Amino acid sequence: MWAEKIGKQLGHPTRTVAGWLVSRYLQVFNHILEESAVQLCGIQSGDTVLELGHGPGLGLQSAAKLLTEPAGCLIGVDYSAYMHQMASERLKACVASGKVTLHHCDVAKMPLADSLVDKVFHCNCYYFWPDLRKGATEIHRVMKPGGVMVAVLRLSSIAAIAAKQVLPGENWRPEAYMAALRDTGFTDVRMEDRRHKYITVQAIFATASK
Ligand SMILES: C[S@@+](CC[C@H](N)C(=O)[O-])C[C@H]1O[C@@H](n2cnc3c(N)ncnc32)[C@H](O)[C@@H]1O
């Protein structure tokens, strides 16, 4: 039962004691994953960049610093009202200037135009999507032709928590997500080990072909 409770909070943190503890955990332990995702997606200063399931917003903060041209802009989506609010507070100045736009919505239904985004990144997020193909279809829709997506995870940690029934079903498996990406129009889909600072992470790369 505790496993299910933690899993629910990881997948959708709420403004409760458990949700606050999860948000602290994400800020302390996932910061490095967020940083590596930002680095691996190869952001250019004038890009339009999207982060899915941004949680507390540390990855958004790193990405925003790279978008130095006036055209460069950052979009974040998260369906947790608590995380949306936490990230909005963290990115207050960038949101006020229009550099960053945050949407409180589901990855499977984003209020974004077709072919808008150059780069997409996300960390520890796809495992919670009930339908990976729906999510991948929507990401593909909003990406420009040739746009690059990177999803970062630590497979050993994810497999360990999945074995404790903290994650629902089998969607945590990278093969499941990569199959969904291939089925929905992404090419060059691959997973690579990448060293970032003192840890090795797994990065799933995909290119939006159109
Ligand atoms: C485990 S947390 C990871 C947060 C952050 N990326 C990190 O690594 O610290 C997963 C986040 O994804 C969000 N999320 C999960 N499924 C989502 C969906 N279908 N649409 C939007 N956000 C989602 C959750 O609300 C939560 O903030």
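Observations, loosely collected:
- When the listed pairs Lys65/Lys92; Lys5/Lys134; Lys8/Lys164; Lys99/Lys134 are checked against a 19 Å cut-off, the alpha-carbon distance exceeds it for Lys5/Lys134; Lys99/Lys134.
- Taking N as its residue count, the alpha carbon Rg of segment 14-75 over 2.2 N^0.38 Å: 1.24
- Measuring spread by the Cα atoms of segment 57-210 yields a radius of gyration and Dmax of 15.6, 46 Å.
- Expressed to the nearest 5 percent, the antiparallel share of DSSP beta bridges inside segment 2-208 is 45 percent.
- Applying 0.36 nm per residue to the separation of Val28 and Ile161 and subtracting their alpha-carbon distance, the gain on full extension is 46.1 nm.
- Helix-only mean residue ellipticity at 222 nm for the chain, each DSSP H run of n ≥ 4 adding -39500 (n - 2.57), per residue, nearest 500: -12000 deg cm²/dmol
- Remark: spin-label model distance Thr101-Glu170 equals 3.9 nm, labels positioned 7 Å along the Cα→Cβ axis.
- Pairwise centroid distance, computed over Cα atoms, of segment 158-200 with segment 1-42, Å: 16 Å
- Extension gain (nm, one decimal) between His196 and Arg15, 0.36 nm per residue minus Cα-Cα: 62.0 nm
Every number here is computed from the coordinates shown, using simple stated rules; none is lab data. Note that the coordinates shown come from a computational prediction; the quantities given were computed from them, not determined experimentally. Neighbour counts are summed over all protein chains in view; Cβ atoms, including those assigned to glycine, are modelled from backbone coordinates with ideal geometry.
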